[in-house]
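K.L.:
First the structure, which I've put down as structure tokens, then a few questions once you've had a look.
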Amino acid sequence: MQNSEKRSTQESGNLREVAIIGIGETRIGELWDQSLRELGINAGLSAIKDAGVKGEEIEKIYIGNMSAGRLINQEHIAPMIADYAGLDDIPAVRIESGGASGGMALTEGYLSVASGLHDVVVVGGAEKMTDVGDEEAKKILSSTADWEWESVFGATFDSLYAMMARYHMFTHGTTKEQLAAVSVKNHAHGALNPNAQFQREVPLKIVMGSPIVSDPLTMFDCAPLSDGAAAVVLCPVDMADSFNKDPVAILGTGMGADHMAVHDRRELDAMKATRSAGDKALSMAGLKPEDMDFAEVHDNYTISEIMAIEDLGFFPKGDGGPATERGDTSLHNKIPINTSGGLKAKGQPVGAVGINQAVEAVLQLRGEAGDRQVEDAEYGLIHNIGGTGASAVVHVLGRWR
Amino acid sequence: MKTNKKVGIKGYAGYVPRYRITPKEIGEVWGKDGERMGKGLNIISKSIPSPDEDVISISIQAAKWAVMRSEILGEDIGAIYVGSESHPYAVKPTATIVAAAVGATPYLTAADYEFACKAGTAAIQTCMGLVASGMINNGMAIGADTSQGAPGDALEYSASAGGAAFIIGSDDLLAEINYTTSFTTDTPDFWRREGKKYPSHGGRFTGQPAYFKHIAGCTQVLFEETGAEPDDFDYAVFHQPNGKFPIKIAKKLGFTMEQIGPGLLVPRIGNTYSGAVPLGLAATLDVAEPGDRIMVTAYGSGAGSDSFDITVTDGILDKRENGVPSIEQVISDEVFISYAKYAKFREKIDTGEW
Amino acid sequence: MMTIPRFWREIRQRYKGVGVECGNCERVYFPPREVCPHCRRESIGKMKERELSGKGRLVTFTEIHEPMPDFKMMVPYIMAIVEMDEDVRMTGQLVDIDYDEVEQGMEVDVTIRRLGEESPSGIIYYGYKFVPVR
């Protein structure tokens, strides 16, 4: 069956089908020798080259970025990156939604093409986190939670996820070993990804024995703070044939929302925003969780992945931990999660994460994922969280032919 | 000094941080026999505030409980005076923060007091005057400190943290203040210069010409003017810079160990400075019965004493519980810590950022 | 660095736990909201002040070893989400207790402590923390 026939007309209305025709990303890590503008340009140019589009064909640039203003003292970064990419006459705008900035930028890019407003659009994501100290970077990341009613009282970003982890443990019996299993699995996947920040396996014993950051989360339960950028090129599927690569279609997109502060949410073992974003994206695509061949989920903490694979419908609530421990989410198993290594091993350049996820999904769907290729991958889902879950965005991608 | 109108205590409460250190632990750091020093000073342990506690937080906790016990509303308080020698701000009142926390703002008068260890009792006298003159209906007087002795100094073995708050009014009293006297001279036995972290003192000069002379003088005046004698009192509370001085002065003035026992907290919590007599009085009120009479004399270096003749009323029976912990309940929650942790808590460790 | 008013304007919330109650459904919110998320337009102009009792129970908690800069000297310290008697939840530190004594559901009471400071010469911030009910 053609994917175009699967689409729910009610959800998609009169939107045009949109394809990703080019991808590019930098290595992720502590990239001391590269500035934000260099990272952005490198990712953007490699995506443009991959697609084979010409500069003059690009009508708009969207860039997901969490906090350049505080991380490098530079606001208004989108025109800056466009300028240095030699695209100074192309309108560029920054999209901010905490950790979901990249995914939200992808949605904006999708809408601008799907609506018919633009034909060729570049969507990037970039974050430079090592130009400030670790403590400052963590403080800035914490500001995506509710600063006045959480952070001021001493709550770190880690601690808010740690409290969700503890609640999940209370409620479902999730164990520290199961949390650690997420980290072990994502490091194993990351070891197969040449762009990952950490390309080595980490045994369970090391994860379990690593220093406590915020109980029950240890250092290996937390994603690093990274430098990196990624970009994709979008166009209507009808035009995709005129470019280099096989198109990958954005079959569904959905955003979800929740209260800003964790304490205002009644469910602390689930993310309503994820559930609602996932439901919308899958329904728009006319697909079910079990149709997915893989997923990239927002594992900024190990508990986030456990909640995400439950909230996205891959496993029943409470089974995320046991499923991970069983190996169900490992490469070649039931539903490979974070084949890229995820935020944990591939790295966490916060505003770029959503685009890094799209890049991985496209690689998998094109069959270009190398050692970590999911066999015959037809559909994949990508999931991006903002803050502690006040926003989330999910996209469902599929091979177009 | 007698007021024209009946005045007394409508509510009270005390707060002492839970952390403790022993003189032995301190002595080990400085090569001293701390255990022996502790015995000499009659101090078993002293209280230490945690890093998030200071005179403002201690005052607020005591003030909130005192309001609960008094059964008045925050907005009924017409004056707040906080006596301390360790106000967190050199300029900016502790009293306004306490007032906001108990809901007394904006229609009240407020100020911070400093008179070494008797700033709290000076605050009580001020409230008595304001209430007796009819200027206010209820005033709150607080004595609290988070005092520090310089590392290695003799004061380090005793200087501690705690405070108590009293609601002074003329009706619905739990104790009536019958009479008060003061005795004030210029005696520089102990001081701290502006901008200095730790106080200085005159060593043994803090004893005879300072503590003993002023407490005896002030108490004698009260005896003379009221015609009272030590036997007329059920309890007595004296300033307690260590566990030795109050016992010595009590004996000298003709009081017994039984009379001063309930209010003698220094062996367990150390010298809480402006909090010492207020906490001692609070602990005594916790055990007193209607009709009991309490003799109180505070001492502040620099120097002066305030004495009070107090009679407990029937009101104590209704107000004793009211959801407020007794001083005994507060101070029995003890956690002993090492000198290293104490140094961290009191910012004696230089993190390079402070 | 934030200016003084950012803290100052919230003193009643931080010292006294002043929230709001929806005049339509009687749900309590803290911090105050202009609009009840449940009643939305029905609640406009009907949100009235409500001071919380300060008593509640632990919903979840953690012990922080990697702190926010203001809380370096408190490390390790405990953070908790507390369900107040008024059926509204707050995030705050739990103090005066060892971590191994902390249990889900345990009763806590509010206290006012130092939260931080602008700088060593700047304004000191005070606000609510929680202590166990003993």
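The numbers here are math on the coordinates, done by the rules we state, and not lab data. A quick note: this is a predicted structure, and the numbers were derived from the prediction, not measured. With ideal geometry, Cβ positions are generated from the backbone for all residues, glycine too; neighbour counts draw on all protein chains shown.
K.L.:
Rank the residues C:ASP87, A:ASP227 as a footprinting-exposure proxy: fewest other Cβ atoms within 10 Å of their Cβ go first.
P.N.:
Placing the least packed residue first, the sequence is C:ASP87, A:ASP227.
K.L.:
In the protein assembly as shown, if every C-alpha pair distance is counted and binned at 10 Å from zero, what percent goes to each bin?
P.N.:
For the protein assembly as shown, the binned pair fractions read 2, 12, 19, 19, 15, 11, 9, 7, 4, 1, 0, 0 percent.
K.L.:
Tell me which lysines have Cα within less than 23 Å of A:LYS60's Cα, excluding those fewer than 8 residues away on the same chain?
P.N.:
Hits, sequence-local ones excluded: A:LYS49, A:LYS128, A:LYS245.
K.L.:
Can you give the mean number of other chain Cβ atoms that lie within 10 Å of the Cβ atoms in peptide B:88-94?
P.N.:
For this peptide, the per-residue mean of nearby foreign Cβ atoms is 1.
K.L.:
I want the local charge near A:THR218. Using Cβ-Cβ distances under 11 Å, sum +1 for each Lys or Arg and -1 for each Asp or Glu among the other residues.
P.N.:
Result for the neighbourhood of A:THR218: -3.
K.L.:
For segment B:175-315: lysine pairs with Cα atoms under 30 Å, gap of 8 or more or different chains, count?
P.N.:
Taking the Cα cut-off of 30 Å, the pair count is 9.
K.L.:
Let me ask something additional. At 222 nm, what helix-only mean residue ellipticity would the protein assembly as shown give, in deg cm²/dmol to the nearest 500, using -39500 (n - 2.57) for each DSSP H run of four or more?
P.N.:
Here the helix-only value at 222 nm equals -8500 deg cm²/dmol.
K.L.:
Under 18 Å from a point placed 7 Å out from the Cα of A:LYS334 along the Cα-to-Cβ direction: which residues of segment A:258-291 have their backbone N that close?
P.N.:
A:288-291
K.L.:
A further question follows. Restrict the search to segment A:138-246; then list the trypsin sites (Lys or Arg not before Pro) that DSSP places in a loop and that have at most 14 other Cβ atoms within 10 Å of their Cβ.
P.N.:
A:ARG200
K.L.:
Oh, and also: Tell me which aspartates and glutamates have Cα within less than 12 Å of A:LYS138's Cα, excluding those fewer than 8 residues away on the same chain?
P.N.:
A:ASP158, C:GLU66
K.L.:
Something else: Give me the net charge for the shell around A:LEU36: Cβ to Cβ below 10 angstrom, other residues only, Lys and Arg +1, Asp and Glu -1.
P.N.:
My count for the surroundings of A:LEU36 gives -2.
K.L.:
Something else now. Kirkwood-based Rg over Rh for segment C:32-134 (C-alpha set), two decimals?
P.N.:
Here Rg/Rh amounts to 1.05.
K.L.:
Students often get this wrong, so check it: of B:LYS92/C:LYS16; B:LYS64/C:LYS72; B:LYS64/B:LYS344, which have C-alpha atoms separated by over 22 Å?
P.N.:
Violating the 22 Å Cα-Cα cut-off are B:LYS64/C:LYS72; B:LYS64/B:LYS344.
K.L.:
What's the exposure ranking of A:GLU17, C:GLU42, A:GLU25, going from fewest to most Cβ atoms within 10 Å?
P.N.:
C:GLU42, A:GLU17, A:GLU25
K.L.:
Among the lysines, select those whose C-alpha is under 18 Å from the C-alpha of A:LYS176, and discard any that sit fewer than 8 residues away in the same chain.
P.N.:
A:LYS185, A:LYS205, A:LYS317, A:LYS344
K.L.:
To continue, here is another question. Around A:HIS259, what is the net charge, scoring Lys/Arg as +1 and Asp/Glu as -1 over all other residues with Cβ under 12 Å from its Cβ?
P.N.:
Once positives and negatives cancel, what remains is 0.
K.L.:
Say a site is exposed when it is one of the trypsin sites (Lys or Arg not before Pro), sits in a DSSP loop, and has at most 11 other Cβ atoms within 10 Å; what is then the longest site-free stretch of chain B?
P.N.:
B:6-192
K.L.:
Turning to a different aspect of this structure: Please quote Rg/Rh for segment B:175-315 to two decimal places, taking the Kirkwood radius as Rh and restricting both calculations to Cα atoms.
P.N.:
In segment B:175-315, Rg relative to Rh is 0.97.
K.L.:
Using Cβ counts within 10 Å as a stand-in for footprinting exposure, how do B:SER274, B:SER200 rank, fewest first?
P.N.:
B:SER200, B:SER274
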